[in-house]
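J.: Let me give you the structure first, and then I'll get to my questions.
The values are calculated or read from the model by the stated rules, or taken from the named source; none is laboratory data. What you see is a predicted model; the values in this text were computed from it and never measured. A quick note on method: Cβ atoms are made from the backbone with ideal geometry, for glycine too, and the neighbour counts reach across all protein chains shown. For accessibility, only protein heavy atoms count, side chains too; no ligands or nucleic acids. Shrake-Rupley method; radii C 1.70, N 1.55, O 1.52, S 1.80 Å.
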Amino acid sequence: MRRVALLGATGSIGRQAIAVIEREPELELCALASGSTDLTGLARAHGVEHVAVGGNATGMLEAAEPDVVLNAIVGFAGVRATLWALEQGVTLALANKESLVAAGELALAAHERGGGLLLPVDSEHSALFQCLEGRRPETVDSLVLTASGGPFRGRSREQLEAVSVEDALAHPTWQMGPKITVDSATLANKGLELIEAHFLFGVPYDRIEVVLHPTSVVHALVRFRDGAALAHLGVPDMTVPISYALTYPERAPTPARTLDLAAGLTLEFAAPDLETFPALAQARRAGEAGGTFPCAFNAANEVAVDAFLHAGLPFPAIAETVAAALEAVDGPPARDLDDLLEADAGARRAARSALAEHGVALA
Ligand SMILES: NC(=O)c1ccc[n+]([C@@H]2O[C@H](COP(=O)([O-])OP(=O)(O)OC[C@H]3O[C@@H](n4cnc5c(N)ncnc54)[C@H](OP(=O)(O)O)[C@@H]3O)[C@@H](O)[C@H]2O)c1
């Protein structure tokens, strides 16, 4: 039996993870966490004793002693759980990309000390992990992340001025929580994934490419030094990477559809529009600058997305807010979690002042 602590149990990934766990006899839920949603019913239904609502879930994790932590919390709020699992050497199935982006080197150092498994749940990174498994690093030329381009692919800067929250939440290929759905529309999600890939696979930024691929069938590719590229294909269905991470290395069956190649499958790729969607280039610069710039990028983006979703910030002002916040911070390296929390808070303050210039205030 593999005992799973599911953090972010009430979200999009959390619900799909429960479906995976219910089907798989070798998996058992042992702990649940949410931000504010009551978990009494869910815990009772699954016979789960350890529950945490809001606050820091690491005390609960200590008590629950899971074999795997599936971190599906949204945002920087997941950082303590990520660092805890890595430090303890408990297998970490990581959906919460923001924590790895923000904590970067601290997370890698904790992983090194803990010696456990770090298994990506993000579909692109799960794909890269699978294409890279068993390959020697010197044979790898570059990584390619695919991006659907979100609901506004092909639009001009002017057309983006008037888009609504509802428009942004209508993702063409994936059903996800609101924050990541907006991030997909701005391409900030692909920016976070770029930094995530850098930390997961130790590949420098200039060897990680992003291409648009509207149907999300090819999840990622690895190019090798001999000119070959390995790609990972599948219908867009998060239960596949969730199941892969939770049952690794067994690769348990899932109910996901297989690709119907005989019905005709056309794969289209294109370069992303970095001018209309500046978030991807911002993330790349933040990643290359290092220190706590990735943490600041993430923090400012969280504030700006919140303002778009709940306080009427225009869509293009999300990237403008992030740019202003990144200008205002110094991005010193974080020696410990306290430094990281300070960098996160500083970038949030900078983003809020930038919002004030748009006449927007968050509660
Ligand atoms: N959805 C996808 O298909 C997908 C794909 C790849 C990666 N991811 C990543 O997976 C993560 C989750 O995404 P999602 O789409 O599942 O988000 P979501 O639907 O918004 O769910 C977020 C979950 O996090 C919980 N949460 C929020 N703040 C918390 C806190 N302080 N402590 C504990 N739990 C907290 C929420 O609980 P409440 O119900 O109480 O608010 C909810 O269970 C994100 O990092 C996202 O980037 C998602």
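J.: From the gyration tensor of the Cα coordinates in the chain, what semi-axes in whole Å does the equivalent ellipsoid have, largest first, with each one equal to sqrt(5λ)?
T.: Result for the chain: semi-axes of 28, 26, 21 Å.
J.: Tell me, what is the percent relative contact order of region 201-265, built from C-alpha pairs under 8 Å that lie six or more residues apart?
T.: Reported relative contact order: 22 percent.
J.: Next question. Please report the spacing between the Cα centers of region 63-131 and region 230-245 in Å, no decimals.
T.: Here the two parts' Cα centres lie 18 Å apart.
J.: Which residues make up the longest stretch of the chain clear of trypsin sites (Lys or Arg not before Pro) that lie in a DSSP loop with no more than 12 other Cβ atoms within 10 Å, not counting the sites?
T.: Segment 1-134 is the longest.
J.: So, one more: Within a Cβ distance under 14 Å of A354, other residues only, what is the Lys/Arg minus Asp/Glu net charge?
T.: -2
J.: Given q = 0.14, 0.21 Å⁻¹, what are the Debye log10 I(q)/I(0) values for region 227-363, with equal point scatterers placed on the Cα positions and solvent ignored?
T.: The computed values of log10 I(q)/I(0) come out as -0.84, -1.07.
J.: In addition: Just how much of I18 is accessible, in Å², when a 1.4 Å probe is used and the result is rounded to the nearest 10?
T.: For I18, the solvent-accessible surface is approximately 20 Å².
J.: Out of residues 5 or more away from C30 or on other chains, whose amide H comes under 5 Å of its own, with H placed 1.01 Å from N in the peptide plane?
T.: Those lying under 5 Å, H to H, from C30 are V4, A5, L6.
J.: Here is a follow-up. Which FRET efficiency value, to the nearest 0.05, is calculated for A289 and S142 with the Förster distance at 22 angstrom and r the Cβ-Cβ distance?
T.: 0.60
J.: Restricting to DSSP loop positions (anything but H, G, I, E, B) with no more than 12 other Cβ atoms inside 10 Å of their own Cβ, which GluC sites (Glu not before Pro) remain in region 76-151?
T.: Here the sparse-neighbourhood loop sites are E133.
J.: What does the charge add up to near D306, with Lys and Arg as +1, Asp and Glu as -1, over the other residues with Cβ less than 11 Å from its Cβ?
T.: Once all neighbours under 11 Å are counted, the net charge is +2.
J.: So which GluC sites (Glu not before Pro) in region 221-318 pass both tests, a DSSP loop state and at most 13 other Cβ atoms within 10 Å of the Cβ?
T.: E250, E268, E275
J.: Here is a further query. Could you work out [θ]222 nm for the chain from helices alone, using -39500 (n - 2.57) per DSSP H run of at least four and dividing by all its residues? Round to the nearest 500 deg cm²/dmol.
T.: Calculated mean residue ellipticity at 222 nm is -14000 deg cm²/dmol.
J.: Suppose accessible area is computed on protein heavy atoms with a 1.4 Å probe; arrange S123, S353 from highest to lowest.
T.: S353, S123
J.: Can you classify region 55-185 as rounded, prolate or oblate using the Cα gyration tensor, where a ≥ b ≥ c are the square roots of its eigenvalues, rounded means a/c under 1.5, and otherwise it's prolate if a/b beats b/c and oblate if not?
T.: oblate
J.: Expressed as a rounded percentage, what relative contact order does the chain have, with Cα pairs under 8 Å and six or more residues apart?
T.: This gives 15 percent for the chain.
J.: With label points built 7 Å along Cα→Cβ from the Cα atoms of A162 and R349, find their separation and express it in nm.
T.: It works out to 4.0 nm between the two label points.
J.: Could you tell me whether region 53-130 comes out rounded, prolate or oblate from its Cα gyration tensor? Rule is a ≥ b ≥ c as square roots of the eigenvalues, rounded for a/c under 1.5, then prolate if a/b exceeds b/c, otherwise oblate.
T.: rounded
J.: Follow-up. Distance between Cα centroids, region 19-40 to region 335-357: provide it in whole Å.
T.: If we compute the Cα centre of each part, the gap is 32 Å.
J.: Using the basic label-point model (7 angstrom from Cα toward the beta carbon), what is the A19 to T40 distance in nanometres?
T.: 2.8
J.: Oh, and also: Have a look at A93, A19, A147 and tell me which one the Gaussian network model of the chain (Cα, springs below 10 Å) gives the largest fluctuation.
T.: Evaluated over the chain, the most mobile residue of the options is A19.
J.: Which shape class applies to region 305-363: rounded if a/c is under 1.5, otherwise prolate when a/b exceeds b/c and oblate if not, where a ≥ b ≥ c are the square roots of the Cα gyration tensor eigenvalues?
T.: Since a/c reaches 1.5 and a/b is larger than b/c, the shape of region 305-363 is classed as prolate.
J.: Of all DSSP beta bridges located in the chain, what percent are antiparallel, nearest 5?
T.: So the antiparallel bridges in the chain amount to around 30 percent.
J.: If you don't mind, there's one more thing I want to ask. In the Gaussian network model of the chain, springs joining C-alpha atoms below 10 Å, which of P120, P314, P253 carries the largest mean-square fluctuation?
T.: P253
J.: How large is ³J(HN,Hα), in whole Hz, for each residue of region 6-19 in order, when computed from phi with the Karplus curve 6.51 cos²θ - 1.76 cosθ + 1.60 and θ = phi - 60°, using x for Gly and Pro?
T.: Computed from phi, the couplings for region 6-19 are 10, 9, x, 5, 8, x, 4, 5, x, 5, 5, 5, 4, 4 Hz.
J.: How would E357, E26 rank on accessible area, largest to smallest, probe 1.4 Å?
T.: Order by accessible area, largest first: E357, E26.
J.: Next question, about the same structure. Name the residue, out of A43, A110, A162, whose mean-square fluctuation peaks in a Gaussian network model built on the chain with Cα pairs under 10 Å.
T.: Top of the fluctuation ranking is A162.
J.: Further question on the same structure: For region 200-292, state which chymotrypsin sites (Phe, Trp or Tyr not before Pro) are in a DSSP loop and have at most 16 other beta carbons lying within 10 Å of their beta carbon.
T.: F269
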